[in-house]
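Only the coordinates and a few stated rules stand behind these numbers; no lab work does. Since the model is a prediction, treat every value here as computed from it, not as a measurement. Note that we place each Cβ from the backbone using ideal geometry, even for glycine, and neighbour counts take in every protein chain shown.
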Amino acid sequence: MASVDTVQADHRPGEDLELGPDALLWQHAGHRSIYLMAPAAGVLQNMLPGVSTAIMEQSVFFEEPLERTMRSVSKIVQTIYDPQMAHTVRDYHRDLKGIDYHGQRFHALSPELYFAAHAVFTYTVMTAIDTFITPLDDIGRERLYGECKAWYRQYDVSQRCMPETWSDFEAYWDDLCRDHFESTPSVRRIIDELFAHPQRFRPRGTHPMAWRVMGPLVYSHSRLLTVALVPPIVREKLGLEYSRLDRLRFQAIVLAVRAASKMPDQATHTAASRRAKRELQKSRE
């Protein structure tokens, strides 16, 4: 497993990169810790008014939130390793359009909205790697952002809104958090209903007695991971408290995940990433 120390130091900001076995994104995005980012990523995406409206009016997300979240994370990770899956995910969004609660028209594949959603994934993988796997220095962040640009190109959509360099992305992300993320209806439902009353969202096939025990644990940790991993300005917008006890609980999770990261890939990485590595090895034989 490569560390940030092995990143090519001659990478220039804004340089086009390709995804493959030497890419930090390719190596680390398949780490199972990415699932720990799912609650925060879901909240951040739902803070975009267009996404929120689509979720509230054109999705059954709240009928099976846990199942849909796990399936979505799996497919998004696969788009890193499989350009055809990127096309499939893109095509899921072709008919997602309407008028948001501000009265503004939106389309999921508009350059502004689609890249904003990808920006959340960029933040997600950056934060997951830096928090749970290996710290990123400036060189590592710049290179990883170049790889996230290559990831976005696999969707074959307009790149008009994609910032050129990591520094440009940081400015874009700060603006998104400050002026465009909102406490939308779907976000309020996630926080006020899903996190607060998990018994109402029992997954299909789960025994009621089992979920009575599991549900509060699942969504208590989902809330904790959201509070800990969203940017502070977002936490403030949503009125989420990050207590001293929360910080201690989160640090315990981080230490446990970092320790587990030393285990073999079979235990630490998703099936999609392991399959991509096997297929690459076969192609080189």
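Cross-chain or 8 or more residues apart, Cα under 22 Å: how many lysine pairs in the chain fit that? Count them up, please. Walk me through the numbers on the way to the answer.
Working: Lys75/Lys97; Lys75/Lys149; Lys75/Lys277; Lys149/Lys277; Lys262/Lys277.
Summing the qualifying lysine pairs gives 5.
What list of ³J(HN,Hα) values in whole Hz, one per residue of the range 175-183 in order, does the Karplus curve 6.51 cos²θ - 1.76 cosθ + 1.60 (θ = phi - 60°) give from phi, with Gly and Pro shown as x?
5, 4, 5, 6, 10, 10, 6, 9, 7
From the C-alpha coordinates alone, can you work out the Kirkwood hydrodynamic radius of the chain, in Å?
Hydrodynamic radius (Kirkwood, Cα only) of the chain equals 19.8 Å.
Using modelled amide H (1.01 Å from N, peptide plane; none on Pro or chain starts), what sits under 5 Å from the amide H of His269, excluding residues fewer than 5 places away?
Those qualifying (amide H under 5 Å, at least 5 residues apart or on another chain) are Arg32.
Determine ³J(HN,Hα), in whole Hz, for all residues of the range 212-221 in sequence, where each value follows from phi through the Karplus function 6.51 cos²θ - 1.76 cosθ + 1.60 and θ = phi - 60°; x replaces Gly and Pro.
Karplus values, whole Hz, x for Gly and Pro: 4, 8, 6, x, x, 5, 4, 7, 5, 6.
For the range 91-97, take each phi angle, set θ = phi - 60°, evaluate the Karplus expression 6.51 cos²θ - 1.76 cosθ + 1.60, and give the result in whole Hz per residue in order, putting x for glycine and proline.
5, 4, 9, 4, 9, 8, 7
Compute the longest continuous run of the chain that contains no exposed trypsin sites (Lys or Arg not before Pro); treat a site as exposed when its DSSP state is not H, G, I, E or B and it has at most 16 other Cβ atoms within 10 Å.
In the chain, the maximal stretch lacking such sites is 1-93.
Counting other beta carbons within 10 Å of each Cβ, put Met37, Met209, Met70 in order, fewest first.
In increasing order of surrounding Cβ atoms, one gets Met209, Met70, Met37.
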